[in-house]
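Notes follow the structure.
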Amino acid sequence: MALLEIRDLTKHFGGIIAVDHCTFSVEEGSITSLIGPNGAGKTTAFNLITGTISRDSGSIHFDGRDITSAPPHRIARRGISRTFQITRALGDMTVLENLAVHAHGRGLMSLLGPSVRAEEREKAMSLLEFLGIEQLANEKAATLSYGQRKLLELGAVLMSEPRIVMLDEPAGGVNPALLETIVERILELNKQGITFLIVEHNMELVMSISDPVIVMASGAVIAEGHPEKVQSDPAVLEAYLGGPGE
Ligand SMILES: Nc1ncnc2c1ncn2[C@@H]1O[C@H](COP(=O)(O)OP(=O)(O)OP(=O)(O)O)[C@@H](O)[C@H]1O
Ligand SMILES: [Mg+2]
């Protein structure tokens, strides 16, 4: 069964159609990639799914429920968690505190400052160990390298025990060694049952870890399927060659 189902989703910004009658679904247990040239509408689709912007028309179902008009916190509570194309770690807080503010049901507590409760600390520490950055627990997030921040972001989304993790360009700007760690962790988490929807421009990464691959161009899906099939699809080649480019 599809865990996430996007039907006929449309979003305009003024005169621009960012997402244009977009339809696709993400199967439970899959690592699905969403690719497409710059400006194809991928991040906008993420924003619509997580409820941070509202759609003009179309619907979004998660686990059989209509979440089209649900507010972001309710969507998150259902088990949808995401990272951002530009990392959003809070630089003044430590790595551990950054994870703690993402803990499930923390709500108002997080407004009272970054004090960390015991069970949150334990959960955060075990995630940091899993990601191989436990030695950074008490460092300010601002001192982390770009790749380490990506790992921190992955840790943060895992704090709420999501069913689907949506990653917006996890490989962007990350050095090859850290990228390998990120990929390994994604595969391990997927084995544990977490579904992934990944937006990424690194084609080697996309083609090696995901199935299926969904290709968007000008707001709509133009191809989807096994990575090899999509890679040789003439419509896909044309979208990349004829589009605005990297
Ligand atoms: N808040 C906004 N206001 C106006 N236009 C926007 C807004 N957000 C996105 N757009 C436009 O919508 C279109 C889709 O943008 P989006 O960021 O979703 O693309 P993308 O596929 O994520 O691209 P990239 O690969 O470069 O990240 C683009 O034309 C973009 O300029
Ligand atoms: Mg984007």
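The values are calculated or read from the model by the stated rules, or taken from the named source; none is laboratory data. All values derive from a computational prediction rather than experimental measurement. Cβ coordinates were reconstructed from backbone atoms using ideal geometry, including for glycine residues, and neighbour counts include every protein chain displayed.
A few comments on the model shown:
- Checking each residue in the stretch 131-150 for being of a type in the set (A, V, I, L, M, F, W, C), crowded, with 16+ Cβ neighbours inside 10 Å and in a helix (DSSP H, G or I) picks out Leu131, Leu136, Ala141.
- Residue among Thr52, Thr68 that alone is more than 28 Å from Asn138 (Cα to Cα), within 16 Å of ligand 1 (Cβ to nearest atom) and out of contact with any Leu (no Cβ under 8 Å at 6 or more places or on another chain): Thr52
- Listed conditions (1) closer than 23 Å to Val157 by Cα; (2) in contact (Cβ under 8 Å) with a residue 40 or more places away in the chain; (3) surrounded by 15 or more Cβ atoms within 10 Å (Cβ to Cβ) are all met by Ala18, apart from (1).
- Long-range neighbours under 7 Å by Cβ, at least six apart or interchain, first residue buried (at least 20 other Cβ atoms within 10 Å of the Cβ) within the stretch 38-54, second hydroxyl-bearing (Ser, Thr, Tyr): Ala40/Ser218
- Annotation: of all residues in the stretch 188-215 being assigned to a helix (DSSP H, G or I) and in contact (Cβ under 8 Å) with a residue 60 or more places away in the chain, the one that is farthest from ligand 2 (Cβ to nearest atom) is Asn190.
- Any hit, the stretch 18-25, residues being within 16 Å of ligand 2 (Cβ to nearest atom) and more than 19 Å from Leu167 (Cβ to Cβ): yes
- Some residue of the stretch 149-162 being within 16 Å of ligand 2 (Cβ to nearest atom) and at pLDDT below 95: yes
- Residue tally, condition of a type in the set (S, T, N, Q) and outside any helix (DSSP H, G or I), over the stretch 151-184: 2
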